[in-house]
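Below is one structure, written out as structure tokens, with a few remarks after it.
The values are calculated or read from the model by the stated rules, or taken from the named source; none is laboratory data. This one's a predicted model, so the numbers in the text were calculated from it and none came from an experiment. A quick note on method: Cβ atoms are made from the backbone with ideal geometry, for glycine too, and the neighbour counts reach across all protein chains shown. Just so you know, the surface numbers come from the protein's heavy atoms only, side chains and all, with ligands and any DNA or RNA stripped out. Shrake-Rupley method; radii C 1.70, N 1.55, O 1.52, S 1.80 Å.
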Amino acid sequence: MTRYVLRRLGQSGLTLVLVSIVVFLGVRAMPGDTARALAGEETNPEALEAIRRQYGLDQNIAVQYARYVENAVTGDLGTSARTGLPVVDGIFDALPVTLELALLSLLLAVVVGIGAGVVAAVRRGRPAEWLANTVALLGLSVPNFWLGIVLILGFAIAVPVFAASGFVPFGTDPLENLRRMVLPVIVLGSGLAAIVMRQTRAAMLESLSADYVRTARAKGLAPHQVVGGHALRNSLVTVVTVLGLQLGHLISGAVVTEQIFVLPGFGKLMIDAVFTRDYAMVQGVVLFTATGYILVNLAVDLLYSVIDPRIRLGGAQ
């Protein structure tokens, strides 16, 4: 088990190094002069040269990258050209919003997706399966922005049950926080729930036809024990894989969803930074998001070994 964990940690570390290189080079490949963006309206050549020296922009790319890594390791991601505040402060101000949106959307996807997938597999060929497949197809087909607009028109304007925009921290007013997060969570979680439902159904159908399930039934186990204790447990490896891979969908979907509902999260932070050419903020948000994605996939890899010990034993060889 220790060797398995160390190997996964090594792979994740290498991936993070490659991501940092791509982010660093990608930001510098953006059009425009970084020094002019940092200077704002100041176009004095002496001022521009001073900015280049201050931020090391007058040095070669290798030296700039080494300085960038050194600062990032110590938690210094630079200063926002738009606000004048440290990039880390802007990230941690927006992080709770996106984190809450992503976690609630993931919870919705897991509960609805796995539940509907199990029902569709157990009730194969019956109305329950047809209904689950129809709803899943709708969830995959409807764009996030269209669904968001429809929900706002229906449940925030026509019938004002939920708020159409804005964010209230959970610690300030829990009820108002949930009232403002319901619609964004439905928009972001519906597509993921549809994917999880279809993958769960496919994995469950395969497990229900396996020999060990037939043996469990022959022993006289109750249906819920056969489905939950045997078929579903062995199907979770596929479902966990899908959830890990769909983190990118949550992040990209959050950008659109946060713009629709005016949530001050990562999506809005990134778009504002791109429009104002705030290179330090773009670089910091992308690096932070990529690091989170790598850590989640590392957690998924380790979770495999808990769900299926054969993976842990195979990885230790």
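Here are a few things to note about the model shown:
- Once the Cβ-Cβ distance of Thr276 and Ala62 is raised to the sixth power relative to R0 = 22 Å, the FRET efficiency obtained is 0.20.
- Viscosity 0.890 mPa s, 25 °C: Kirkwood-radius Stokes-Einstein D of segment 182-302 over Cα pairs, µm²/s: 144
- Mean Cβ count within 10 Å, highest first, over the residues of peptides 69-78, 177-186, 195-204, 291-300: 195-204, 177-186, 291-300, 69-78
- Per residue, the chain reaches -24500 deg cm²/dmol at 222 nm when only DSSP H runs of four or more residues are counted, each adding -39500 (n - 2.57).
- Close amide H pairs (under 5 Å, H built 1.01 Å from N) link Thr79 with Val87, residues at least 5 positions away or on another chain.
- Heavy-atom SASA rank of Leu175, Leu101 (probe 1.4 Å, accessible area, largest first): Leu175, Leu101
- From phi via Karplus (6.51, -1.76, 1.60), per-residue ³J(HN,Hα) for segment 14-28 in Hz, x at Gly/Pro: 5, 4, 5, 4, 4, 5, 4, 5, 4, 5, 4, 6, x, 5, 6
- Sequence ranges 231-237, 143-149, ranked by mean other-Cβ count within 10 angstrom, highest first: 231-237, 143-149
- For segment 122-202, a/c is not less than 1.5, where a ≥ b ≥ c are the root eigenvalues of the C-alpha gyration tensor, and a/b tops b/c. That puts it in the prolate class.
- Debye intensity ratio I(q)/I(0), log10, segment 88-278, q values 0.15, 0.17, 0.18 Å⁻¹ (C-alpha model): -0.90, -1.05, -1.13
- Mean shadow area of segment 51-162 over all directions, Cα convex hull, nm²: 12.7
- Relative contact order [Cα under 8 Å, 6+ residues apart], the chain, whole percent: 27
- Top of Phe261, Phe275, Phe170 by mean-square fluctuation, Gaussian network on the chain, Cα under 10 Å: Phe275
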